[in-house]
Structures are given as C-alpha cells and as structure tokens.
Amino acid sequence: MTLEELDKQYVLQTYARDYTNFVKGVGSTLYDENGRDYIDFASGIAVNSVGHGNERLTNAICEQAKKIIHISNLQVIEPQAKLAQRMVELSGYDMGVFFANSGAEANEGAIKIARKYGETKFENKRYKVITLEHSFHGRTITTVKATGQKSFHTPNFSPYPAGFSYEKSIEDVYKAIDDETVAVLIELVQGEGGVQPFEKEEIQKLAAHLKEKNVLLIVDEVQTGVYRTGEFLASNLYEIEPDIVTLAKGLGGGVPIGAVMTKHKDVLSAGDHGSTFGGNYLSTAAGLAVLDILSELYDSGRLDETLIYFEQKLRETAAKHDNLFEKEVGLGLMRGLRAKSAEIQGSVITNSLKAGLVILKAGRNTVRFLPSLTISKNEIDEGFKRFETAISSL
Ligand SMILES: *Cc1c(COP(=O)(O)O)cnc(C)c1O
C-alpha cells in the first residue's frame, strides 16, 4: 500500500489533503521522502513558531521527556506555573492562566469564564456572546457556533448552543449589545477569514465602550498571539487591555497547547473547569523554550527586521503581479495576498508547492503566508524566488 492509500483507507477523510510526504525539517526548509527541499511559508498554520528542528526547543522537549512527561493537574506542575508567570509578564496584564490543548479548547474556556461572570456578577443573567462575520474560533460544537461563517453552521451538527450572534463590522457591535450581552469575542487580525486586520482606533474605541458597559472583551489570539504580529500579543500592538485572551498555535512550537488568560481571576473556582492533558510537563516545557527563544529574538530587534523584510518582499510581489492580486493584507508575519478570483488563489497555491514552496489559503480568496518567526533572510529570498517561478505562468 502507498502512504496515500493507507491514509485513505484508515484515516477519516475530513481534510482535502496533499500527499507530499515530508520527513524532515531544518529551520524553514522541509524535505520530502525523495530529498527534495521546500521553503516553508506556512509553519503548519502558524504553529512552528521557531522553525523545524530547533535545537533549543527539541533539547527542552527531550530533557523534559526523560524526566516526567505527564502528571495530572491534581498535582502542582513546575513548568506550568513558570510558563504562566512568563506569559503574564510578557503580556504586561495582571492575569491568571488556564492551560488547555488547542485553540478551540482555549476559546471554550474563555466562553465558560464569560458565562459564569454573566451568571454571578449581575442581577439579571447575561449570557450572550457577540462575534464577527468572517471570524474563526474553532471546531467544537460551541466554538463552531461562535464562528461567524454560515457555512460552518450546517444542520448536520445541530442543535447548537444558544446565545451567539454575528455582526458585519465593529460599528454594528455597538447596536447589538443588550442587557443580556456578556462578552464580545474578536480576532484583531481575522486569520482564517482572510488575514484581515482591524483598525487600531476602532478597536480602542470598542474596548473603551465595552469597559464602560461592563461587557467583557475576549480577544482570540490563537493565531495572532506569541509574537506573530511583532508584539507578544496583538492586544499589545493595539494597546488595549482585554478581559480574556486565548492562545494556542505558536505557543508550543508544534507541541499541542492552548491557554486562556484572564484578569477576572476569581470567576472560576475548583471544579469549574479542567483538562486531563492541559498544561502538562511536556507541553509547558516546550512553551517555556519557545518563549525564551522568541523573547530573545524580539529583544534583539531581529524579529522586527524579519517582518519588515518579509513585508517589503511581499509588497514588491503584489505590485509586480497586480493582474493576479488585488492587494496585500495582514500584519507582522501574518500576511496575505488577496487573489482576484478563487481560481487564481487555487492555482497560486498548487503551483507554489510544485515550485518547492509551502503556502496556505484563507477566506476571501486570500493566499496566506505564515512563516516561522525565526525564518532567515536567505530562506525568505529563496521562498519569494520560488513564488515568482510558481506564478510566472499564470
Ligand atoms: C486555529 C484557530 C482556532 C482553533 O484552534 P485549534 O487548535 O484548531 O482548535 C481558533 N481561533 C483562531 C483565531 C484560530 O486561528
């Protein structure tokens, strides 16, 4: 049996999969089973934040694995406590952290905190959560319902939990708030929805309004967090103070981890929430190594250099190929090119892989770039060279 046949026979076919068999990665270069190399501009959908085969990360994982991989959350876990401290210090917010295993789970935790806050802090019950169109918040029954894309709300999985509504724009959120609204849940750059950032001023205005109305601001930083936009959190870049922040993708450098941080530390009490695996020794040791590597990169100014260089390359490409792309979108190392049609988007991605470059798609016909934050200048140059080759025939 070939690998493709094996996959098709035994793995549930929930993904439209490509069958390139990657066997190794070094930095932002991947190698397939035939030894062919590919530049990785996707980092596993913003997950491999420190690249592939990163020595400091793999050493931290190996050293931790040799000691203890897992003990239940009924015991204190040293790297978990240290990672929570590190995240809180880097964020600059006075918050507490709960650890989960994925972005969807982190958002579930955020919604649970908001719901209990709405149940216990007011005379009347507040439970409604407002989200935005084109948002993406996860694949569990609740987070899929929180996701503002109709195609996700198929009757196949109904009934969904009540209390979620979607607005077209930030401006529309103001009118949608009523006395049962407990929280507004947003991404500052809508990732899956097309790498679309919001304006800083409109987010600051919304944050101030929500504070005044006692409505919680939940920022889904599952994709934007952990330096993806150039600051530890996109919330830091936007200079706001959310009530709740969720993280996942880049935090473990590839080891599954999710986290919800909140300044409302007293809302959840023992027994309210939990996770078997969340915050175990292995994932939090990985998280600590990732934050060591990335905070050094940030402090040295090299992260800034990388994102300026990447943006400049992408701008040049967008300008040169305005027959294919409408505009360049995104922030930091979360970037996209809006293709003029879904056909162009599809061909650009397929041709890129053929030319030895891994890129991604996103909503609104966007070709998406999410390179590792440690990508080198040479890898960026080589990646864009291959991108030129890929699109030259279109
Ligand atoms: C990827 C993503 C999620 C879901 O994360 P999973 O780990 O796949 O559950 C949620 N929110 C945003 C903004 C994401 O980008």
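The values are calculated or read from the model by the stated rules, or taken from the named source; none is laboratory data. This is a predicted model, so every value here is computed, not measured. For neighbour counting, all protein chains shown are included, and Cβ atoms are generated from backbone atoms with ideal geometry for every residue, glycine included. Quick note on the areas: whole protein, heavy atoms, side chains included, nothing else; ligands and nucleic acids left out. Shrake-Rupley method; radii C 1.70, N 1.55, O 1.52, S 1.80 Å.
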Inset, instruction - Select the helices (runs of 4 or more DSSP H) contained entirely in segment 117-228, then report the ones holding at least 2 residues which are open to solvent by less than 30 Å² (accessible area, probe 1.4 Å) and away from the ligand (no atom under 16 Å from the Cβ). - result: 170-176, 200-213
Inset, instruction - Search segment 263-279 for residues that are modelled with pLDDT of 95 or more and pair each with any residue that is of a type in the set (Lys, Arg) and open to solvent by 50 Å² or more (accessible area, probe 1.4 Å) when their beta-carbon atoms are under 7 Å apart and the residues are at least 6 apart or on different chains. - result: 267/116; 268/116; 272/116; 273/112
Inset, instruction - Considering only segment 246-303, state which residues are assigned to a loop (DSSP other than H, G, I, E, B) and among the acidic types (Asp, Glu). - result: 266, 272
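Would you mind stating whether residue 157 is free of Cβ contacts under 8 Å to residues at least 40 places away in the same chain, closer than 18 Å to residue 220 by Cα and in the same structural domain as residue 242 (by TED's automatic domain parsing)? Let's see the steps before the verdict.
Values: free of Cβ contacts under 8 Å to residues at least 40 places away in the same chain: yes; closer than 18 Å to residue 220 by Cα: no; in the same structural domain as residue 242 (by TED's automatic domain parsing): yes.
So residue 157 does not fit the description; no.
Just wondering, is there one or more residues in segment 86-99 that are within 14 Å of the ligand (Cβ to nearest atom) and either free of Cβ contacts under 8 Å to residues at least 24 places away in the same chain or in the same structural domain as residue 224 (by TED's automatic domain parsing) (or both)?
Here is the first cut: in segment 86-99, the ones within 14 Å of the ligand (Cβ to nearest atom) are 99.
Subset that is either free of Cβ contacts under 8 Å to residues at least 24 places away in the same chain or in the same structural domain as residue 224 (by TED's automatic domain parsing) (or both): 99.
Among the residues of segment 86-99, at least one is within 14 Å of the ligand (Cβ to nearest atom) and either free of Cβ contacts under 8 Å to residues at least 24 places away in the same chain or in the same structural domain as residue 224 (by TED's automatic domain parsing) (or both), which makes the answer yes.
Just for strands (runs of 3 or more DSSP E) wholly inside segment 1-78: which have at least 2 residues that are among the acidic types (Asp, Glu)?
Numbers: elements: 22-26, 29-32, 37-40.
In segment 1-78, the matching strands (runs of 3 or more DSSP E) lie at 37-40.
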Inset, instruction - Test residue 176 against the stated conditions and say whether it is free of Cβ contacts under 8 Å to residues at least 60 places away in the same chain, out of contact with any strand residue (DSSP E or B) (no Cβ under 8 Å at 6 or more places or on another chain) and aliphatic (A, V, I, L, M). - result: no
Inset, instruction - For segment 69-92, state whether one or more residues are out of contact with any strand residue (DSSP E or B) (no Cβ under 7 Å at 6 or more places or on another chain) and on the phi > 0 side of the Ramachandran plot. - result: yes
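For every residue, the table says whether it meets (1) open to solvent by 10 Å² or more (accessible area, probe 1.4 Å); (2) more than 13 Å from the ligand (Cβ to nearest atom); (3) in the same structural domain as residue 335 (by TED's automatic domain parsing).
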residue	(1), (2), (3)
234	no, no, no
242	no, yes, no
252	no, no, no
263	yes, yes, no
266	yes, yes, no
281	yes, yes, no
284	no, yes, no
288	yes, yes, no
Legend entry - Where residue 201 falls short, out of the listed (1) over 20 Å from residue 95 (Cα atoms); (2) touching a residue at least 24 places away in the same chain (Cβ under 8 Å): (2)
Legend entry - When residues of segment 26-69 are limited to those that are in contact (Cβ under 8 Å) with a residue 12 or more places away in the chain and of a type in the set (Phe, Trp, Tyr), the one farthest from the ligand (Cβ to nearest atom): 38
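Yes or no: segment 95-114 includes at least one residue that is open to solvent by 60 Å² or more (accessible area, probe 1.4 Å), closer than 13 Å to residue 268 by Cβ and either assigned to a helix (DSSP H, G or I) or touching a Gly at 6+ places or on another chain (Cβ under 8 Å) (or both).
yes
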